[in-house]
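Read the structure below first, then the notes.
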Amino acid sequence: MHLGAIADDLTGATDLALILSRAGFSVVQVADVPASGKLPEADAVVVALKSRTIPVGHAVQKSLAAARALLAGGAQQLFFKYCSTFDSTDKGNIGPVAEALMHLVGARATIACPAFPRNGRTIYRGHLFVGDVLLSDSPMKDHPLTPMRDANLVRVLQRQCVQKVSLVPLETVRSPERLTAALSDLEGLAIVDAVADEDLIALGRAVKRMKLITGGSALAMGLAQNFGLDAERGQDALDWPAGQGAILAGSCSAATLRQIEAYRQSGAPVLPIVLDDVVAGAQTPEQAAAFCRDAGDQAPLIYASAEPDAVAANQARFGVAGAGERIEHFMAELAVLLARSGVTRFVVAGGETSGAVSTALGVSTQRIGPEIDPGVPWTLAETRHGRLALALKSGNFGADDFFAKSLGMLT
Ligand code: ADP
(Lines give C-alpha, C1' and ligand atoms only; values in the text may rest on other atoms or scores of the structure.)
Protein backbone atom coordinates (compact mmCIF):
# COMPACT_ATOMS: atom_id res chain seq x y z
CA MET A 1 0.00 0.00 0.00
CA HIS A 2 1.31 3.44 -0.90
CA LEU A 3 -1.33 5.67 0.61
CA GLY A 4 -3.58 5.09 3.61
CA ALA A 5 -6.57 7.40 3.84
CA ILE A 6 -9.00 8.04 6.65
CA ALA A 7 -12.21 9.82 5.69
CA ASP A 8 -14.53 11.33 8.29
CA ASP A 9 -17.66 10.31 6.43
CA LEU A 10 -18.72 7.81 3.88
CA THR A 11 -19.57 9.99 0.91
CA GLY A 12 -16.29 11.82 1.45
CA ALA A 13 -14.47 8.49 1.37
CA THR A 14 -16.08 7.58 -1.92
CA ASP A 15 -15.31 10.98 -3.39
CA LEU A 16 -11.65 10.52 -2.41
CA ALA A 17 -11.54 6.93 -3.69
CA LEU A 18 -12.84 8.19 -7.05
CA ILE A 19 -10.15 10.85 -7.38
CA LEU A 20 -7.41 8.42 -6.36
CA SER A 21 -8.68 5.88 -8.86
CA ARG A 22 -8.73 8.50 -11.68
CA ALA A 23 -5.21 9.58 -10.70
CA GLY A 24 -3.84 6.06 -11.20
CA PHE A 25 -4.12 4.32 -7.83
CA SER A 26 -5.80 0.93 -7.47
CA VAL A 27 -8.23 1.68 -4.64
CA VAL A 28 -10.38 -0.22 -2.20
CA GLN A 29 -12.67 1.51 0.22
CA VAL A 30 -13.50 -0.22 3.48
CA ALA A 31 -16.23 0.65 5.93
CA ASP A 32 -14.38 1.13 9.22
CA VAL A 33 -11.49 -1.15 10.21
CA PRO A 34 -12.42 -4.83 9.80
CA ALA A 35 -12.54 -6.83 13.04
CA SER A 36 -9.42 -8.74 11.91
CA GLY A 37 -7.58 -5.41 11.59
CA LYS A 38 -6.30 -6.64 8.22
CA LEU A 39 -6.94 -4.39 5.23
CA PRO A 40 -7.21 -5.46 1.57
CA GLU A 41 -4.30 -5.03 -0.86
CA ALA A 42 -4.33 -1.94 -3.10
CA ASP A 43 -2.19 1.10 -3.95
CA ALA A 44 -4.54 3.12 -1.77
CA VAL A 45 -6.93 1.97 0.93
CA VAL A 46 -9.58 4.42 2.09
CA VAL A 47 -11.10 3.76 5.49
CA ALA A 48 -14.54 5.33 5.69
CA LEU A 49 -15.44 6.42 9.20
CA LYS A 50 -18.54 8.18 10.47
CA SER A 51 -16.56 10.48 12.71
CA ARG A 52 -17.45 13.99 11.56
CA THR A 53 -20.03 14.75 14.21
CA ILE A 54 -19.45 12.16 16.93
CA PRO A 55 -17.89 13.25 20.27
CA VAL A 56 -14.31 14.35 19.75
CA GLY A 57 -12.66 11.67 21.92
CA HIS A 58 -14.46 8.97 20.03
CA ALA A 59 -13.48 10.47 16.67
CA VAL A 60 -9.83 10.59 17.72
CA GLN A 61 -9.95 6.96 18.90
CA LYS A 62 -11.53 5.68 15.69
CA SER A 63 -9.13 7.68 13.50
CA LEU A 64 -6.12 6.38 15.41
CA ALA A 65 -7.35 2.79 15.07
CA ALA A 66 -7.73 3.29 11.31
CA ALA A 67 -4.30 4.90 11.06
CA ARG A 68 -2.65 2.03 12.94
CA ALA A 69 -4.27 -0.53 10.62
CA LEU A 70 -3.18 1.45 7.55
CA LEU A 71 0.39 1.77 8.81
CA ALA A 72 0.45 -1.95 9.63
CA GLY A 73 -0.73 -2.56 6.04
CA GLY A 74 2.34 -0.72 4.74
CA ALA A 75 1.00 2.81 4.11
CA GLN A 76 3.88 5.19 3.45
CA GLN A 77 1.76 8.31 3.81
CA LEU A 78 -1.50 8.97 5.69
CA PHE A 79 -4.21 11.25 4.32
CA PHE A 80 -6.91 12.51 6.69
CA LYS A 81 -9.80 13.55 4.47
CA TYR A 82 -12.65 15.84 5.48
CA CYS A 83 -15.29 17.86 3.66
CA SER A 84 -14.42 20.59 1.17
CA THR A 85 -16.62 22.91 3.22
CA PHE A 86 -14.53 22.07 6.32
CA ASP A 87 -17.60 20.72 8.16
CA SER A 88 -16.77 20.87 11.86
CA THR A 89 -17.59 22.70 15.06
CA ASP A 90 -15.36 24.65 17.47
CA LYS A 91 -14.81 21.39 19.39
CA GLY A 92 -13.58 19.55 16.31
CA ASN A 93 -13.32 17.08 14.93
CA ILE A 94 -10.83 18.13 12.26
CA GLY A 95 -8.23 19.75 14.54
CA PRO A 96 -8.11 17.15 17.33
CA VAL A 97 -8.00 14.24 14.87
CA ALA A 98 -5.24 15.90 12.82
CA GLU A 99 -3.18 16.57 15.94
CA ALA A 100 -3.63 13.01 17.23
CA LEU A 101 -2.51 11.61 13.87
CA MET A 102 0.49 13.95 13.81
CA HIS A 103 1.48 12.62 17.20
CA LEU A 104 1.02 9.00 16.04
CA VAL A 105 3.31 9.36 13.01
CA GLY A 106 5.72 11.75 14.74
CA ALA A 107 5.00 14.62 12.33
CA ARG A 108 6.11 18.10 13.37
CA ALA A 109 3.86 19.69 10.77
CA THR A 110 0.98 19.05 8.44
CA ILE A 111 -1.17 20.90 5.96
CA ALA A 112 -4.92 21.46 5.85
CA CYS A 113 -6.34 22.14 2.41
CA PRO A 114 -10.04 21.45 1.77
CA ALA A 115 -10.05 23.27 -1.62
CA PHE A 116 -11.97 21.57 -4.45
CA PRO A 117 -11.93 24.13 -7.29
CA ARG A 118 -14.03 22.05 -9.71
CA ASN A 119 -16.79 22.01 -7.13
CA GLY A 120 -16.40 25.73 -6.47
CA ARG A 121 -14.50 25.38 -3.18
CA THR A 122 -11.47 27.68 -3.27
CA ILE A 123 -9.24 29.08 -0.56
CA TYR A 124 -7.70 32.52 -0.79
CA ARG A 125 -5.92 34.28 2.07
CA GLY A 126 -7.14 31.43 4.25
CA HIS A 127 -10.79 32.18 3.46
CA LEU A 128 -12.96 29.44 2.02
CA PHE A 129 -15.28 30.38 -0.81
CA VAL A 130 -18.22 28.29 -1.98
CA GLY A 131 -18.76 29.44 -5.54
CA ASP A 132 -18.84 33.23 -5.45
CA VAL A 133 -19.56 33.65 -1.75
CA LEU A 134 -17.70 33.14 1.49
CA LEU A 135 -18.40 29.87 3.32
CA SER A 136 -20.17 31.87 6.03
CA ASP A 137 -22.60 33.33 3.46
CA SER A 138 -23.21 29.97 1.76
CA PRO A 139 -26.02 27.56 2.62
CA MET A 140 -23.48 25.84 4.92
CA LYS A 141 -24.32 28.46 7.53
CA ASP A 142 -27.60 26.57 8.04
CA HIS A 143 -26.25 23.00 8.05
CA PRO A 144 -28.25 20.91 10.56
CA LEU A 145 -25.17 19.47 12.32
CA THR A 146 -22.13 21.61 11.44
CA PRO A 147 -23.24 25.17 10.65
CA MET A 148 -20.20 27.03 9.22
CA ARG A 149 -20.40 30.71 10.20
CA ASP A 150 -16.74 31.73 9.88
CA ALA A 151 -14.97 31.57 6.49
CA ASN A 152 -11.50 32.22 7.89
CA LEU A 153 -10.14 28.68 8.11
CA VAL A 154 -7.01 29.67 10.02
CA ARG A 155 -9.29 31.00 12.76
CA VAL A 156 -11.68 28.04 12.51
CA LEU A 157 -8.92 25.44 12.76
CA GLN A 158 -7.04 27.34 15.49
CA ARG A 159 -10.14 27.16 17.70
CA GLN A 160 -9.96 23.35 17.39
CA CYS A 161 -6.18 22.94 17.84
CA VAL A 162 -3.57 23.06 20.57
CA GLN A 163 -0.72 23.65 18.10
CA LYS A 164 -0.30 26.83 16.10
CA VAL A 165 -2.25 27.16 12.84
CA SER A 166 -0.68 29.33 10.15
CA LEU A 167 -1.31 30.15 6.48
CA VAL A 168 0.58 29.24 3.31
CA PRO A 169 -0.63 31.97 0.93
CA LEU A 170 -1.30 31.53 -2.78
CA GLU A 171 1.87 33.30 -3.96
CA THR A 172 3.92 30.75 -2.01
CA VAL A 173 1.93 27.84 -3.44
CA ARG A 174 2.63 29.19 -6.93
CA SER A 175 6.41 29.23 -6.43
CA PRO A 176 7.82 25.67 -6.15
CA GLU A 177 10.95 26.79 -4.25
CA ARG A 178 9.04 28.94 -1.78
CA LEU A 179 6.46 26.22 -1.25
CA THR A 180 9.12 23.60 -0.50
CA ALA A 181 10.85 26.01 1.88
CA ALA A 182 7.59 26.98 3.60
CA LEU A 183 6.63 23.35 4.17
CA SER A 184 10.03 22.32 5.45
CA ASP A 185 10.06 25.25 7.93
CA LEU A 186 6.51 24.56 9.03
CA GLU A 187 5.66 23.71 12.62
CA GLY A 188 2.10 22.90 13.57
CA LEU A 189 -0.69 23.05 11.01
CA ALA A 190 -1.07 25.31 7.98
CA ILE A 191 -4.13 26.15 5.93
CA VAL A 192 -2.93 26.24 2.32
CA ASP A 193 -4.48 28.55 -0.29
CA ALA A 194 -5.58 26.91 -3.56
CA VAL A 195 -7.92 28.30 -6.19
CA ALA A 196 -7.21 26.00 -9.16
CA ASP A 197 -6.38 22.35 -9.83
CA GLU A 198 -2.80 23.40 -10.65
CA ASP A 199 -2.36 24.69 -7.10
CA LEU A 200 -3.44 21.32 -5.69
CA ILE A 201 -1.15 19.45 -8.07
CA ALA A 202 1.79 21.65 -7.03
CA LEU A 203 0.89 21.10 -3.39
CA GLY A 204 0.60 17.34 -3.95
CA ARG A 205 4.13 17.27 -5.32
CA ALA A 206 5.45 19.39 -2.44
CA VAL A 207 4.02 17.18 0.32
CA LYS A 208 5.76 14.06 -0.97
CA ARG A 209 7.79 13.63 2.21
CA MET A 210 5.10 14.51 4.73
CA LYS A 211 4.02 11.49 6.77
CA LEU A 212 0.57 12.98 7.22
CA ILE A 213 -1.46 15.29 5.03
CA THR A 214 -5.01 16.52 5.58
CA GLY A 215 -7.49 18.04 3.21
CA GLY A 216 -10.40 17.64 0.86
CA SER A 217 -10.51 14.92 -1.76
CA ALA A 218 -9.15 17.14 -4.55
CA LEU A 219 -5.78 17.23 -2.79
CA ALA A 220 -5.40 13.63 -3.99
CA MET A 221 -5.09 14.79 -7.63
CA GLY A 222 -1.39 15.45 -7.27
CA LEU A 223 -0.37 12.43 -5.18
CA ALA A 224 -0.05 9.62 -7.76
CA GLN A 225 3.07 11.22 -9.28
CA ASN A 226 4.81 10.86 -5.90
CA PHE A 227 4.43 7.08 -6.04
CA GLY A 228 5.24 6.68 -9.76
CA LEU A 229 1.66 5.72 -10.67
CA ASP A 230 0.05 6.25 -14.05
CA ALA A 231 -3.33 7.93 -14.58
CA GLU A 232 -3.82 5.96 -17.83
CA ARG A 233 -4.17 2.70 -15.91
CA GLY A 234 -7.87 2.59 -16.83
CA GLN A 235 -10.93 1.53 -14.92
CA ASP A 236 -11.62 -1.82 -13.33
CA ALA A 237 -14.51 -3.63 -15.08
CA LEU A 238 -17.30 -4.22 -12.58
CA ASP A 239 -20.25 -6.58 -12.72
CA TRP A 240 -23.34 -4.59 -11.70
CA PRO A 241 -26.26 -6.47 -10.14
CA ALA A 242 -29.54 -6.41 -12.07
CA GLY A 243 -32.61 -5.25 -10.18
CA GLN A 244 -34.72 -2.40 -8.87
CA GLY A 245 -33.49 1.05 -7.82
CA ALA A 246 -34.52 3.36 -4.99
CA ILE A 247 -33.47 6.85 -3.86
CA LEU A 248 -33.23 7.83 -0.18
CA ALA A 249 -32.55 11.47 0.70
CA GLY A 250 -31.75 12.73 4.21
CA SER A 251 -29.69 15.73 3.18
CA CYS A 252 -31.16 19.21 3.62
CA SER A 253 -28.43 20.82 1.52
CA ALA A 254 -29.44 23.23 -1.21
CA ALA A 255 -28.32 20.96 -4.08
CA THR A 256 -30.29 17.99 -2.73
CA LEU A 257 -33.43 20.12 -2.32
CA ARG A 258 -33.12 21.12 -6.00
CA GLN A 259 -32.56 17.50 -7.05
CA ILE A 260 -35.66 16.36 -5.16
CA GLU A 261 -37.72 19.06 -6.83
CA ALA A 262 -36.42 18.14 -10.29
CA TYR A 263 -37.16 14.45 -9.73
CA ARG A 264 -40.64 15.23 -8.37
CA GLN A 265 -41.39 17.42 -11.37
CA SER A 266 -40.37 14.60 -13.73
CA GLY A 267 -43.45 12.74 -12.47
CA ALA A 268 -41.49 10.13 -10.50
CA PRO A 269 -43.05 8.56 -7.39
CA VAL A 270 -41.90 10.53 -4.33
CA LEU A 271 -42.73 10.16 -0.64
CA PRO A 272 -41.85 12.85 1.93
CA ILE A 273 -41.07 11.69 5.47
CA VAL A 274 -42.41 13.91 8.24
CA LEU A 275 -40.49 13.66 11.51
CA ASP A 276 -43.54 14.34 13.71
CA ASP A 277 -45.35 11.43 12.04
CA VAL A 278 -42.32 9.16 12.38
CA VAL A 279 -42.07 9.91 16.09
CA ALA A 280 -45.82 9.42 16.52
CA GLY A 281 -45.61 6.08 14.70
CA ALA A 282 -47.92 7.36 11.97
CA GLN A 283 -45.25 6.90 9.31
CA THR A 284 -43.10 3.75 9.38
CA PRO A 285 -40.29 2.28 7.29
CA GLU A 286 -42.65 -0.63 6.46
CA GLN A 287 -45.16 1.80 4.93
CA ALA A 288 -42.41 3.52 2.95
CA ALA A 289 -41.17 0.13 1.72
CA ALA A 290 -44.72 -0.71 0.59
CA PHE A 291 -44.86 2.62 -1.26
CA CYS A 292 -41.64 1.64 -3.05
CA ARG A 293 -42.96 -1.78 -3.98
CA ASP A 294 -46.06 -0.20 -5.54
CA ALA A 295 -44.13 2.54 -7.31
CA GLY A 296 -43.94 0.94 -10.74
CA ASP A 297 -41.04 1.18 -13.16
CA GLN A 298 -39.52 4.51 -12.15
CA ALA A 299 -37.34 4.34 -9.03
CA PRO A 300 -39.13 5.83 -6.00
CA LEU A 301 -37.65 8.69 -3.97
CA ILE A 302 -38.16 8.78 -0.20
CA TYR A 303 -36.98 12.00 1.40
CA ALA A 304 -36.86 13.65 4.81
CA SER A 305 -35.05 16.67 3.40
CA ALA A 306 -36.62 20.02 4.23
CA GLU A 307 -35.98 23.76 4.07
CA PRO A 308 -33.95 25.38 6.92
CA ASP A 309 -36.99 26.68 8.87
CA ALA A 310 -38.65 23.26 8.92
CA VAL A 311 -35.34 21.67 9.99
CA ALA A 312 -34.98 24.26 12.77
CA ALA A 313 -38.51 23.52 13.99
CA ASN A 314 -37.74 19.78 14.14
CA GLN A 315 -34.49 20.47 15.96
CA ALA A 316 -36.25 22.70 18.49
CA ARG A 317 -38.61 19.81 19.29
CA PHE A 318 -36.25 16.84 19.22
CA GLY A 319 -32.75 18.35 19.55
CA VAL A 320 -30.20 18.58 16.73
CA ALA A 321 -28.85 15.07 17.26
CA GLY A 322 -32.27 13.66 18.16
CA ALA A 323 -33.90 14.87 14.94
CA GLY A 324 -30.96 13.76 12.80
CA GLU A 325 -30.66 10.32 14.35
CA ARG A 326 -34.37 9.54 14.12
CA ILE A 327 -34.36 10.28 10.42
CA GLU A 328 -31.12 8.43 9.81
CA HIS A 329 -32.56 5.44 11.66
CA PHE A 330 -35.71 5.54 9.55
CA MET A 331 -33.70 5.59 6.30
CA ALA A 332 -31.43 2.80 7.52
CA GLU A 333 -34.38 0.53 8.38
CA LEU A 334 -36.03 1.34 5.09
CA ALA A 335 -32.86 0.46 3.16
CA VAL A 336 -32.73 -2.96 4.81
CA LEU A 337 -36.40 -3.64 4.01
CA LEU A 338 -35.80 -2.61 0.40
CA ALA A 339 -32.68 -4.77 0.06
CA ARG A 340 -34.67 -7.72 1.40
CA SER A 341 -37.38 -7.09 -1.17
CA GLY A 342 -34.93 -7.13 -4.09
CA VAL A 343 -33.76 -3.53 -4.49
CA THR A 344 -30.12 -3.77 -5.61
CA ARG A 345 -29.38 -0.18 -6.64
CA PHE A 346 -29.47 2.56 -4.05
CA VAL A 347 -28.92 6.28 -4.51
CA VAL A 348 -28.51 7.98 -1.12
CA ALA A 349 -28.25 11.74 -0.59
CA GLY A 350 -26.45 13.02 2.49
CA GLY A 351 -23.16 12.10 4.15
CA GLU A 352 -24.55 11.10 7.54
CA THR A 353 -27.56 9.51 5.89
CA SER A 354 -25.31 7.44 3.63
CA GLY A 355 -23.25 6.37 6.63
CA ALA A 356 -26.37 5.16 8.45
CA VAL A 357 -27.67 3.31 5.36
CA SER A 358 -24.34 1.70 4.62
CA THR A 359 -23.90 0.51 8.20
CA ALA A 360 -27.40 -0.96 8.20
CA LEU A 361 -26.77 -2.75 4.91
CA GLY A 362 -23.54 -4.17 6.33
CA VAL A 363 -21.24 -2.79 3.64
CA SER A 364 -17.71 -4.19 3.95
CA THR A 365 -15.86 -3.05 0.81
CA GLN A 366 -16.65 -0.77 -2.12
CA ARG A 367 -15.01 -0.64 -5.54
CA ILE A 368 -15.22 2.47 -7.64
CA GLY A 369 -17.31 2.58 -10.84
CA PRO A 370 -18.28 5.35 -13.28
CA GLU A 371 -18.55 8.95 -12.11
CA ILE A 372 -22.11 10.31 -12.09
CA ASP A 373 -21.29 13.95 -11.32
CA PRO A 374 -18.04 15.42 -9.96
CA GLY A 375 -17.16 13.63 -6.73
CA VAL A 376 -19.86 10.96 -6.89
CA PRO A 377 -19.25 7.56 -8.48
CA TRP A 378 -21.37 4.45 -8.58
CA THR A 379 -19.75 1.89 -6.32
CA LEU A 380 -20.04 -1.87 -6.24
CA ALA A 381 -20.42 -2.91 -2.63
CA GLU A 382 -20.07 -6.23 -0.86
CA THR A 383 -22.74 -6.21 1.82
CA ARG A 384 -24.66 -8.43 4.22
CA HIS A 385 -27.36 -8.45 1.51
CA GLY A 386 -25.01 -9.51 -1.27
CA ARG A 387 -23.65 -7.30 -4.02
CA LEU A 388 -25.32 -3.90 -4.25
CA ALA A 389 -24.78 -0.86 -6.45
CA LEU A 390 -24.52 2.22 -4.24
CA ALA A 391 -24.33 5.87 -5.25
CA LEU A 392 -23.68 7.77 -2.03
CA LYS A 393 -23.87 11.49 -2.51
CA SER A 394 -22.64 14.21 -0.22
CA GLY A 395 -25.60 16.56 0.17
CA ASN A 396 -24.24 19.48 -1.80
CA PHE A 397 -22.89 17.45 -4.72
CA GLY A 398 -24.45 16.75 -8.09
CA ALA A 399 -26.42 18.59 -10.75
CA ASP A 400 -30.19 19.07 -10.51
CA ASP A 401 -30.90 15.95 -12.61
CA PHE A 402 -28.65 13.75 -10.46
CA PHE A 403 -31.28 11.19 -9.45
CA ALA A 404 -32.60 10.38 -12.92
CA LYS A 405 -29.12 10.51 -14.39
CA SER A 406 -27.56 8.14 -11.86
CA LEU A 407 -30.14 5.41 -12.28
CA GLY A 408 -30.03 5.80 -16.06
CA MET A 409 -26.30 5.07 -16.12
CA LEU A 410 -26.27 1.43 -15.06
CA THR A 411 -27.31 -1.10 -17.64
P1 ADP B 1 -25.34 16.51 4.04
O2 ADP B 1 -24.45 15.64 3.22
O3 ADP B 1 -26.17 17.46 3.24
O4 ADP B 1 -24.58 17.18 5.17
P5 ADP B 1 -26.28 14.63 6.00
O6 ADP B 1 -27.06 13.38 5.75
O7 ADP B 1 -24.81 14.47 6.32
O8 ADP B 1 -26.44 15.56 4.72
O9 ADP B 1 -26.88 15.47 7.19
C10 ADP B 1 -28.21 15.87 7.22
C11 ADP B 1 -28.74 15.62 8.63
O12 ADP B 1 -30.01 16.25 8.72
C13 ADP B 1 -28.99 14.12 8.91
O14 ADP B 1 -28.63 13.84 10.25
C15 ADP B 1 -30.49 13.98 8.71
O16 ADP B 1 -31.05 12.89 9.43
C17 ADP B 1 -30.97 15.31 9.21
N18 ADP B 1 -32.29 15.68 8.67
C19 ADP B 1 -32.83 15.31 7.47
N20 ADP B 1 -34.04 15.83 7.31
C21 ADP B 1 -34.30 16.53 8.44
C22 ADP B 1 -35.41 17.27 8.86
N23 ADP B 1 -36.50 17.41 8.09
N24 ADP B 1 -35.34 17.87 10.07
C25 ADP B 1 -34.23 17.74 10.87
N26 ADP B 1 -33.14 17.05 10.52
C27 ADP B 1 -33.17 16.44 9.30
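The values are calculated or read from the model by the stated rules, or taken from the named source; none is laboratory data. It should be emphasised that the depicted structure is a prediction, and the values quoted were computed from it without experimental measurement. Positions of Cβ are generated from backbone atoms using ideal geometry, with glycine treated the same way; all protein chains shown enter the neighbour counts.
Which one is surrounded by the fewest Cβ atoms within 10 Å (Cβ to Cβ) among residues in segment 161-182 that are touching a residue at least 12 places away in the same chain (Cβ under 8 Å) and part of a loop (DSSP other than H, G, I, E, B)?
In this case the residue turns out to be VAL162.
Against the conditions (1) surrounded by 24 or more Cβ atoms within 10 Å (Cβ to Cβ); (2) at pLDDT 95 or above; (3) touching a helix residue (DSSP H, G or I) at 6+ places or on another chain (Cβ under 8 Å), where does ALA196 fall short? Just the number, please.
(1)
Could you pull out the residue among ALA321, ALA304, ALA335, ALA310 that is within 26 Å of the chain's Cα centre (by Cα), within 14 Å of the ligand (Cβ to nearest atom) and either at pLDDT below 95 or basic (Lys, Arg) (or both)?
ALA321
On the basis of being without any contact (Cβ under 8 Å) to a residue 40 or more places away in the chain and within 16 Å of the ligand (Cβ to nearest atom), does ARG149 make the cut?
Here the answer is yes, as ARG149 does meet what is asked.
What's the total number of residues in segment 268-293 that are without any contact (Cβ under 8 Å) to a residue 24 or more places away in the chain and away from the ligand (no atom under 16 Å from the Cβ)?
The total comes to 5.
Among the candidates SER184, SER253, single out the residue that is under 24 Å from LEU153 (Cβ atoms) and within 15 Å of the ligand (Cβ to nearest atom).
Of the residues listed, the single one that is under 24 Å from LEU153 (Cβ atoms) and within 15 Å of the ligand (Cβ to nearest atom) is SER253.
Which pairs have Cβ atoms under 6 Å, sit 6 or more apart or on different chains, and link a residue in segment 38-60 that is farther than 20 Å from VAL363 by Cβ and more than 16 Å from the ligand (Cβ to nearest atom) to one that is among the aliphatic types (A, V, I, L, M) and part of a helix (DSSP H, G or I)?
Cβ pairs passing all conditions: VAL60/VAL97; VAL60/ALA100.
Does segment 117-136 include one or more residues that are in a helix (DSSP H, G or I) and free of Cβ contacts under 8 Å to residues at least 60 places away in the same chain?
Checked against the condition, which is being in a helix (DSSP H, G or I) and free of Cβ contacts under 8 Å to residues at least 60 places away in the same chain, segment 117-136 yields at least one hit.
Can we say THR85 is of a type in the set (S, T, N, Q), at pLDDT 95 or above and assigned to a strand (DSSP E or B)?
no
Does segment 352-378 hold any residues that are among the β-branched types (Val, Ile, Thr), more than 19 Å from ALA44 (Cβ to Cβ), buried (at least 19 other Cβ atoms within 10 Å of the Cβ) and within 15 Å of the ligand (Cβ to nearest atom), and which are they?
Across segment 352-378, the qualifying residues are THR353, VAL357.
Please count how many residues of segment 344-393 are outside any strand (DSSP E or B) and closer than 19 Å to PRO34 by Cβ.
Looking only at that region, the number is 10.
Can you tell me which condition VAL348 does not meet? The list is (1) free of Cβ contacts under 8 Å to residues at least 12 places away in the same chain; (2) within 16 Å of the ligand (Cβ to nearest atom); (3) not basic (Lys, Arg), and all the others hold.
Of (1) free of Cβ contacts under 8 Å to residues at least 12 places away in the same chain; (2) within 16 Å of the ligand (Cβ to nearest atom); (3) not basic (Lys, Arg), only one is false for VAL348: (1).
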